[in-house]
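One structure is given below, encoded as structure tokens.
The values are calculated or read from the model by the stated rules, or taken from the named source; none is laboratory data. Keep in mind it's a predicted model, so treat the numbers as computed, not measured. Cβ atoms come from the backbone with ideal geometry, glycine included; neighbour counts cover every protein chain shown.
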Amino acid sequence: MLIDLLQADLAALDAASLRRVRRSVGTPCGPRVVVDGRPMLAFCSNDYLGLAGDPALAEALKAGAARWGVGAGASHLVSGHYAVHDELEGKLAAFVGCERALYLSAGYLANSGAIPALVGRGDAIFSDRLNHASLIDGARLSGADLHRYPHGDVAALEQALASSQRQRKLIVSDAVFSMDGDIAPLPELLALAGRYDAWLMVDDAHGFGVLGPQGRGTLAHFGLASWRLIYVGTLGKAAGVAGAFVAGDSRVIEWLLQKARTYIFTTGAPPAMAHTLLASLDLIAAGDARRARLSEGIAQLRAELHPAPWRLMDSTTPIQPVVIGDNEATLAVARALWDQGLWVPAIRPPTVPQGSARLRISLSAAHTAEDVQRLTEAINRLPRGSA
């Protein structure tokens, strides 16, 4: 019976130490949370600037709901697009240095909708092998030829581009890779896009708000600008709220508005959220002190942590992965930290490649030096023999 097959599949997940567990948080997002009824120090959130629980944004959301109500009522192209959405899109575009932006309800919708709108059957996509699932799914939905090049391998990408005869070509890459924490070689990717007449779509989910002057993102970090660039920013991580946006040349954004199914066929994002995001952008722009504290925490962790024989990956971003390798051993380490009141997630395949299970340490500007020290000392004390 079908239900028996499903039960067998669940048992197989258990046997491979791959079943995911959902925790229930009983407090606002922050380093100190109550999880499943237990006080914990958390190193697992993407709230890099500590804005998700900021009282100023809570007040902005309250004011936005009072002004705009709760729901949008319809899709953006019917009656669910409000003046505050226009204001937010204009402010987002200016913030990242693009002509125009399109605001969507989630990063997954942005990526999985934009790619099939830009390319389709008979076209070609060139995707970094470690790209986020939303980019992979968008590529598959498009029906275009999919070429996955080895992670960060610019030479392999150029070889694939040179051998392609397709008229429309799209290079797709995370800006900051969500499980490794490294930054893509975007200047080299943009140079290849120009050389081979391709678009370059950059998912800056983990760079927006953190990298670049005033947190304007990874393109600003590198000083890049081009009509070939299609920029995706996520608003539920460093921005502390929810949603995402696609920014670029005004003609590209107009095309996405006309053709991106994940934008056209879903209810508009709540206008109160857009009101809140206007306040969040102000906090990001004025957040140099937060970014400085975040940088100090990253440097402290890398100086104090001694993970050998495990491997602390080479990352200058808030994502600091410790690769252990074996699934069961990684879960055991995460449980040992949990028992000490430290919440650090164990990331396993298929989120990461086979044999590279890891602790994914995420740092925030809201973490103190004492918080980071408590984590590093706990990891340094852990036995290594079972790994």
Using the structure shown, decide if GLY73 is surrounded by fewer than 14 Cβ atoms within 10 Å (Cβ to Cβ) and not assigned by TED's automatic domain parsing to the domain that holds LEU294. no
Run ARG348 past the list (1) modelled with pLDDT of 95 or more; (2) under 22 Å from the mean Cα position of the chain (by Cα); (3) farther than 17 Å from VAL33 by Cα and report the number of the one that doesn't hold. (1)
Count of the stretch 224-259 residues which are in contact with a Lys or Arg (Cβ under 6 Å, 6 or more places away or on another chain) and among the β-branched types (Val, Ile, Thr): 1
With respect to ALA94, is the statement that it is in the same structural domain as LYS259 (by TED's automatic domain parsing), out of contact with any Leu (no Cβ under 8 Å at 6 or more places or on another chain), closer than 25 Å to HIS221 by Cα and at pLDDT 95 or above true? yes
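Take the stretch 116-135 and flag every residue that is surrounded by fewer than 19 Cβ atoms within 10 Å (Cβ to Cβ) and either more than 28 Å from GLY243 (Cβ to Cβ) or in contact with a helix residue (DSSP H, G or I) (Cβ under 9 Å, 6 or more places away or on another chain) (or both).
GLY120, ARG121, GLY122, ASP123, ALA133
Residue-wise test of (1) free of Cβ contacts under 8 Å to residues at least 12 places away in the same chain; (2) in the same structural domain as PRO270 (by TED's automatic domain parsing).
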residue: ASP14; (1), (2): yes, no
residue: PRO28; (1), (2): no, no
residue: VAL33; (1), (2): no, no
residue: ASP36; (1), (2): no, no
residue: TYR82; (1), (2): no, yes
Out of ALA239, ALA247, report the one residue that is within 11 Å of GLU99 (Cα to Cα) and in contact with a helix residue (DSSP H, G or I) (Cβ under 8 Å, 6 or more places away or on another chain). ALA247
Among the residues that make up the stretch 240-255, is at least one of them in contact with a Phe, Trp or Tyr (Cβ under 9 Å, 6 or more places away or on another chain), at negative phi and assigned to a helix (DSSP H, G or I)? yes
Looking at the stretch 53-102 only, could you name the residues that are of a type in the set (Asp, Glu) and in contact with a strand residue (DSSP E or B) (Cβ under 9 Å, 6 or more places away or on another chain)? GLU89, GLU99
Are any residues in the stretch 51-66 touching a Pro at 6+ places or on another chain (Cβ under 9 Å) and farther than 20 Å from LEU363 by Cα, and if so, which ones? ALA58, GLY64, ALA65
Within the stretch 309-353, residues closer than 19 Å to HIS132 by Cβ, in contact with a helix residue (DSSP H, G or I) (Cβ under 9 Å, 6 or more places away or on another chain) and not hydrophobic (A, V, I, L, M, F, W, C) come out as SER315, THR317, PRO318, GLN320, PRO345, ARG348, PRO349, PRO350, THR351
Determine, yes or no, whether PHE222 is among the aromatic types (Phe, Trp, Tyr) and under 20 Å from LEU104 (Cβ atoms). no
Single condition HIS306 does not satisfy, out of (1) touching a helix residue (DSSP H, G or I) at 6+ places or on another chain (Cβ under 7 Å); (2) surrounded by fewer than 15 Cβ atoms within 10 Å (Cβ to Cβ); (3) of a type outside the set (Phe, Trp, Tyr); (4) under 27 Å from ASP54 (Cβ atoms): (4)
Looking only at the stretch 62-101, filter to residues that are of a type in the set (Ser, Thr, Tyr) and out of contact with any Ser or Thr (no Cβ under 9 Å at 6 or more places or on another chain); which one of those is nearest to GLY233 (Cα to Cα)? TYR82
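Residues that are closer than 30 Å to ALA65 by Cα: which helices (runs of 4 or more DSSP H) entirely in the stretch 259-373 hold 3 or more of them?
Of the helices (runs of 4 or more DSSP H) lying wholly inside the stretch 259-373, those with at least 3 residues that are closer than 30 Å to ALA65 by Cα span 261-264, 271-285, 288-304.
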